[in-house]
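**Q** Quick one: the structure is below, and I'll ask about it shortly.
The values are calculated or read from the model by the stated rules, or taken from the named source; none is laboratory data. Just so it is clear, the structure is predicted and the values come from calculations on it, not from any experiment. As a convention, Cβ positions derive from the backbone with ideal geometry for all residues, glycine included, and neighbour counts pool all protein chains shown.
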Amino acid sequence: MTIGKRLNEVRVSKGLTIKQVEIELNLSSLHWLEQGKYKSFKCEHLITLSNYYQVSPLYLLDLDESIYNIEPKWIVLIQKLKENKLTPRDVMISVERYKKVSISN
């Protein structure tokens, strides 16, 4: 199943119209996404839609979550870290200082 079909399936199952979702999320491209008429797909849109629909981004991508063992909260966290230009090392240092534990190799 394509991501467009998944998006449509989830939206319809929640009784929402494309217009409702586009207005609430300020996302004018949902119609194009659902129809598969896009050249690229922004990660932010995937995260926004998965949070809004309360489903895993991996579900929307039609990937088996058990293979990747990534919970949606970690995907959101990774996106937030990228948005704030934090490296894995920055995060490790912060956690070690805050929790007073060693997580370094």
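**Q** Look at the stretch 51-105 and say how many of its residues are modelled with pLDDT under 85, over 27 Å from LEU30 (Cα atoms) and loosely packed, with under 10 Cβ neighbours inside 10 Å.
**A** 12
**Q** Name the residues in the stretch 5-64 that are in a helix (DSSP H, G or I), closer than 17 Å to GLN79 by Cα and hydrophobic (A, V, I, L, M, F, W, C), would you?
**A** Residues satisfying the conditions are CYS43, LEU46, ILE47, LEU49, LEU58, LEU60.
**Q** Let me ask something else. Hey, can you tell me all the residues within the stretch 26-59 that are over 11 Å from LEU7 (Cβ atoms) and acidic (Asp, Glu)?
**A** GLU44
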